[in-house]
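Here's the structure, in structure tokens; my notes come after.
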Amino acid sequence: MTGLYDNHNHSQFSFDGKNASVESSARAALECGLAGLCFTDHCDFFVPAMKASYEHLIPEQFDIPAQQKEIDRVQSILPGIRIFKGIEIGLEEKSRDRNRKLLSEHRFDQVTGSVHYLDDTDPFWGGYYKGKDWKTAYGHYLETILEEMSQLQDFDILGHFDYVARYAPYPQCSIFYRDFPDVTDAILEYLAENGKALEINTKTYQDYNGRTPELDRNILLRFRELGGEYISLGSDSHCPERVGDKFGQYAEFIKDCGFRYAVHFESRRPVMEKI
Ligand SMILES: [Zn+2]
């Protein structure tokens, strides 16, 4: 894993980061041979009522200055690893203005845009899949990504495009290019034309109650065909043990699809690293 960067990690500053800390995850990254990592703590301005009442958290924001100060502290004691300041901002219709405002007020190395909530529901806690077959549920999620990322524009990496498949109740547990060619093309075209990165989120490809989503290589091949250059690796870690998880395997996967580099961001600029 030498030379790779994990661009998607959560720390104690995320609402669900109680088992992680900037320091423990940075130490884990150093131990497993990564060149660097970025902390992308959650910021979702709108949280569906069903979840908000469960977790008493509306909205899910983090203390950006405190997170960045802690990153500076840990960076100063761990010079062997590069630590970047990021955010995972929730792409969501009612949050558009607040997202734009927040991004204009802070400086980050990297901004990841992700859809966590849609239709006032949370795929993780349920509700979203009710009354939908797999094709409708996955297709609508992809269309929401397309709409919301083109609204925001101000981001570097599209986070976990196949998140919706992780917690779905259907036997069909992966998003294949052949099932959604039009909307997938539109997403990949947008990323390619605007110099944004497609994230390979390795948390998605693990067992969820006997279902293991897989990454469809046709999506990466199509991204390349459309001129896409930037592939970002992210573990979506919420504990130090998962930092860099499956990176060896997915670096090979990316290589097999014809990409020679992965990307990370420094001061919002893409930097390529050989894989
Ligand atoms: Zn996420």
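What follows draws every value from the coordinates through simple rules; no lab data is involved. Since the model is a prediction, treat every value here as computed from it, not as a measurement. Note that we place each Cβ from the backbone using ideal geometry, even for glycine, and neighbour counts take in every protein chain shown.
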Excluding near-sequence neighbours (fewer than 8 apart on one chain), segment 95-208 holds lysine pairs with C-alpha atoms under 30 Å apart numbering 6
Would you please classify the overall shape of segment 152-275 from the alpha carbon gyration tensor, given that a ≥ b ≥ c denote the square roots of the eigenvalues, rounded means a/c under 1.5, and beyond that prolate means a/b larger than b/c while oblate covers the rest? oblate
By DSSP, what percent of the beta bridges with both residues in the chain are antiparallel, rounded to the nearest 5? 30 percent
Counting DSSP beta bridges with both partners in segment 1-158, what percentage is antiparallel, nearest 5? 15 percent
So which residue, out of LEU91, LEU146, LEU221, gets the largest mean-square fluctuation from a GNM of the chain using Cα contacts under 10 Å as springs? LEU221
Cα-Cα pairs of the chain separated by more than 25 Å (percent): 41 percent
Calculate the FRET efficiency for ASP72 and LEU221 from the Cβ-Cβ distance with a Förster distance of 35 Å, rounded to the nearest 0.05. 0.30
Among ARG98, ARG242, what is the fewest-to-most ranking by other Cβ atoms within 10 Å? ARG98, ARG242
Just how many % of Cα pairs in segment 74-140 lie over 15 Å apart, if you round to the nearest whole percent? 66 percent
Taking TYR261, TYR163, TYR141 and counting other beta carbon atoms within 10 angstrom, the fewest-first order is TYR261, TYR163, TYR141
Per-residue ellipticity at 222 nm attributable to helices in the chain (runs of n ≥ 4 DSSP H, -39500 (n - 2.57) apiece, nearest 500 deg cm²/dmol) works out to -10500 deg cm²/dmol
Answer with one residue from GLN75, TYR128, LEU142: the one whose Cα lies farthest towards the positive end of the charge dipole of segment 16-154, charges on Cβ with Lys, Arg +1 and Asp, Glu -1. GLN75
Spin-label point model (7 Å from Cα, Cβ direction): what's the LYS135 to HIS106 distance in nm? 4.1 nm
For segment 135-224, just say rounded, prolate or oblate: build the C-alpha gyration tensor, square-root its eigenvalues into a ≥ b ≥ c, call rounded for a/c under 1.5, and beyond that prolate if a/b exceeds b/c, oblate if not. prolate
If neighbour count is taken as other Cβ atoms inside 10 Å, put LYS196, LYS85 in order from fewest to most. LYS85, LYS196
Choice from SER24, SER114, SER235 with maximal GNM fluctuation in the chain (Cα, 10 Å cutoff): SER24
Listed residues THR204, THR40, THR212, most fluctuating in the chain (Gaussian network, C-alpha, under 10 Å): THR212
How far is the Cα center of segment 13-42 from the Cα center of segment 122-138, in Å? 30 Å
